[in-house]
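Trainee: Below is the structure I would like to discuss, written out as C-alpha cells.
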Amino acid sequence: MAGFSRTRLVLVVTGLAALGCGGGGDDGGTTPPSTAIAKASNSGDAQTGVVGQALVNPLRVVVTDGGAPAVGATVAWSTSAATGSMTPASATTDANGIATSSWALGTVSGPQTAQATLSGASGSPVPFTATA
C-alpha cells in the first residue's frame, strides 16, 4: 500500500460505509403500501338469474391499501358485449373498502361474465360469472 497509511485506509473505508447508510429519511428500505382488489365476502359471484333481468345480489369487491380498507377508490365495472350491463359502471369504495354494482344479465341464456377493474391494483381485474 504505497502512499497510504493504515489510518488513511481505515478512514476511507469507514467513510464509504457511512455513505451507504443513507440518512435520506426513508423508512429503512421497506416497500410502500400496495393497493389490492379482490372479491368481497358475499361477492355476488356465481349467481343464476333470468335472461335480461338484474341478479338478486349485487357484485362486491374489497379494495385495500397496505392491508387497510381503501376509502374513495374508484372501481370500474363492465361486462362482455353480450352479457348485460352494470349499474353503476363506476363505483367508489366505502369506509370498509367495498364497492358494489348491480348486474343486469344479457339476453342470451348460458354463462355470462363481468369484471371489476382498479387501475394499478394487484388482483385487477376481478372476474365474476353468472348463468342466465
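The values are calculated or read from the model by the stated rules, or taken from the named source; none is laboratory data. Because the structure is predicted, anything quoted here is derived from the model rather than measured. Cβ sites come from the backbone with ideal geometry, for glycine too, and all protein chains shown count toward neighbours. These area figures cover heavy atoms from the full protein model, side chains too; ligands, DNA and RNA do not enter into them. Shrake-Rupley method; radii C 1.70, N 1.55, O 1.52, S 1.80 Å.
Trainee: So who's got an amide H within less than 5 Å of the one on I98, skipping anything under 5 residues away but keeping other chains? H placed 1.01 Å off N, in plane.
Mentor: Long-range HN contacts for I98: V63.
Trainee: Please list 42-50, 59-67 highest first by mean number of surrounding beta-carbon atoms within 10 Å per residue.
Mentor: Ranked by mean Cβ neighbours within 10 Å, highest first: 59-67, 42-50.
Trainee: Considering amide H positions built from the backbone, and no H for Pro or chain starts, which residues 5 or more places from A54, or on another chain, come under 5 Å of its amide H?
Mentor: Long-range HN contacts for A54: L105.
Trainee: Quick one, what does Rg over Rh come out to for the range 26-124 if you take C-alpha atoms and the Kirkwood Rh? It would help to have the intermediate numbers written out before the result.
Mentor: Numbers: Rg = 15.3 Å, Rh = 14.2 Å.
Answer for the range 26-124: 1.07.
Trainee: Give me a comma-separated list of calculated 3J(HN,Hα) values for the range 112-126, in order, Karplus coefficients 6.51, -1.76, 1.60 applied at θ = phi - 60°, integers in Hz, x for any Gly or Pro.
Mentor: Working through the residues one at a time gives 9, 10, 9, 8, 10, 10, 10, 4, x, 8, 5, x, 8, x, 9 Hz.
Trainee: Skipping prolines and chain starts, which residues have an amide H placed within reach, meaning under 5 Å, of the one on S124, given they are 5 or more residues away or on another chain?
Mentor: Hits under the 5 Å cutoff: I37.
Trainee: How many percent of the accessible area of the range 77-132 is carbon or sulfur, using a 1.4 Å probe?
Mentor: 57
Trainee: Stretched out fully, how many nm does the piece from T87 to V108 gain, at 0.36 nm a residue minus the Cα gap?
Mentor: Taking 0.36 nm per residue and subtracting the Cα distance, the gain is 5.7 nm.
Trainee: Calculate one ³J(HN,Hα) per residue across the range 53-62 by plugging θ = phi - 60° into the Karplus curve 6.51 cos²θ - 1.76 cosθ + 1.60, and present them in order as whole Hz with x for glycine and proline.
Mentor: So the Karplus estimates, Gly and Pro as x, are 10, 6, 5, 5, 9, x, 7, 9, 10, 10 Hz.
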